[in-house]
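The values are calculated or read from the model by the stated rules, or taken from the named source; none is laboratory data. Everything numeric here is computed off the predicted structure, so don't read it as measured data. No Cβ is skipped: glycine too gets one built from the backbone with ideal geometry, and neighbour counts run over all protein chains shown. Note: areas computed on protein heavy atoms with side chains; ligands, DNA, RNA excluded. Shrake-Rupley method; radii C 1.70, N 1.55, O 1.52, S 1.80 Å.
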Amino acid sequence: MSDTRLIHGQSLGAVRGERVLFRDVSVEAKAGDLVLLRGANGTGITTLLRQLAGLSPPQAGEIERSASHHWIGHTNGLKAHETPRTHLQHWAKVWGSEADIDDILKRTSLRRPADVPSRMLSAGQKRRTALGRLKLVSRKLWLLDEPFNALDTDGQAYLAEMIEAHRADGGAVIAALHGAAPVKASSEVAL
Amino acid sequence: MSNPAPLFSAFRQALSEAWASGAGLLLPIGFFSGTAMLVPFTLGDEAETLAKIGPGVLWLALALASLVTLERVFQADLQDGALDLWVQEEASISLIALTKTLAHWLISGAPLILMAPILGRLLGVPFEDMVPAMAAYGIGGFTFFLWGGVAAALAAGVARAGLLIALIAIPFFVPAIIFGTLSLTEGFDGASILFLSAACLFALGVAPAAMGAALRLAAE
């Protein structure tokens, strides 16, 4: 089984100032998994996710990665001057993606605001744009921080569908979630 | 670094960002001209004095103008989450930061060089003195942007970082200002323009690594 393991974080720990945020937390994701990181506000699930993404070095423990990943943080990564279209075009170029941007905009219901600068978009539209990045290049592991935030019912259903399709395709998702989950997880890590 | 596509994309993104955020070219040009125009009011309007100190005054205005535009360069990236995405790229964050700095210099630094002869004329500096001065402004201005970029990266997480950026960057401006001002009297024949270029190359070698380290730290 270990050859399908995409990421494995072992005995991870984090310190905030003088306080131990969490310790001895292990997370692993295999192909087809949906791992939910659960915890109340301030328990460090975002920190844990950032450690898994390699953004913050873990203060304890080790992380083994054997797949590339997509990152969607609670900030979406859109520049104020970018439109959904230019944002996706930009990252498509960076990643050498041949994906059909118009098709992605259609699927994420962004056809109408496709050319509106992101400073004038709603939080949900920005989130949908960020989710569009997942479609640009295929990467096995998705790391999502509160992905259902700001999305309307349709958007949540669409994202749940995307996650299921990705799992069926041999990918894995690790998501930090505070609220109720509209998707069924294969395992949960509680902080 | 086999794949230059991320750098090209970062460059294009930074160009449109610089254009969209700082009111395009007008803000730094306005600031540059305004600063230079204040000088005759403080030092009197004697033509001879102004012609003598004019090029030096433009150096000061250039250094200050480079600082006003740099505050948002990396701060915006941190706030909108773009920095998180860049840090996870294979392309080195130092080179991305250098590319961004170059783009911002092209939009808000380079136009100042073109303004220099006009402002020089207003201060009574003879035109033939302005040509070597413009070369020096170009090299010096880029040096200012590199050190300013380091300061901006260090201050990315700080609200109202403008003054902090100035505080960090100004000591690093000193060599470029000294040799830049000296080169005005020597023209292309003296050694000062070479020392100015050396100061620029040194910044080019050191600043990207410093920006990269500061941005990684900011992303944590």
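Numbers for the structure displayed
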read-out	value
One residue from A:E82, A:E146, A:E98 being in contact with a His (Cβ under 8 Å, 6 or more places away or on another chain) and farther than 27 Å from A:T47 by Cα	A:E82
Criterion violated by B:A155 - all others in (1) more than 12 Å from the chain's Cα centre (by Cα); (2) within 17 Å of B:A209 (Cβ to Cβ); (3) buried (at least 19 other Cβ atoms within 10 Å of the Cβ) satisfied	(2)
Looking only at region B:82-100, and only at residues there that are within 11 Å of another protein chain (Cβ to nearest Cβ) and either surrounded by 21 or more Cβ atoms within 10 Å (Cβ to Cβ) or part of a helix (DSSP H, G or I) (or both), the one that is nearest to the chain's Cα centre (by Cα)	B:I96
Scope region B:168-181; condition open to solvent by 70 Å² or more (accessible area, probe 1.4 Å) and in contact (Cβ under 8 Å) with a residue 12 or more places away in the chain; matching residues	B:I170, B:F172
Some residue of region B:106-117 being within 14 Å of chain A (Cβ to nearest Cβ) and either surrounded by 22 or more Cβ atoms within 10 Å (Cβ to Cβ) or in contact (Cβ under 8 Å) with a residue 24 or more places away in the chain (or both)	yes
Test: residue in region A:123-130 that is touching a Gly at 6+ places or on another chain (Cβ under 9 Å), open to solvent by 10 Å² or more (accessible area, probe 1.4 Å) and assigned by TED's automatic domain parsing to the domain that holds A:Q51	no
Selection within region A:45-67 - open to solvent by 10 Å² or more (accessible area, probe 1.4 Å) and either more than 9 Å from chain B (Cβ to nearest Cβ) or of a type in the set (F, W, Y) (or both)	A:T46, A:T47, A:P58, A:Q59, A:A60, A:G61, A:E62, A:I63, A:E64, A:R65, A:S66, A:A67
A:G39 being within 14 Å of chain B (Cβ to nearest Cβ) and of a type outside the set (V, I, T)	no
Yes/no for B:L201 being assigned to a helix (DSSP H, G or I) and open to solvent by less than 50 Å² (accessible area, probe 1.4 Å)	no
Filtered residues of region A:75-104 (kept if in a loop (DSSP other than H, G, I, E, B) and either surrounded by fewer than 20 Cβ atoms within 10 Å (Cβ to Cβ) or more than 7 Å from chain B (Cβ to nearest Cβ) (or both))	A:T75, A:A80, A:H81, A:E82, A:T83, A:W95, A:G96, A:S97, A:E98, A:A99, A:D100
Selection count where residues are aromatic (F, W, Y) and either away from chain A (no Cβ under 14 Å) or part of a loop (DSSP other than H, G, I, E, B) (or both), scope region B:53-81	1
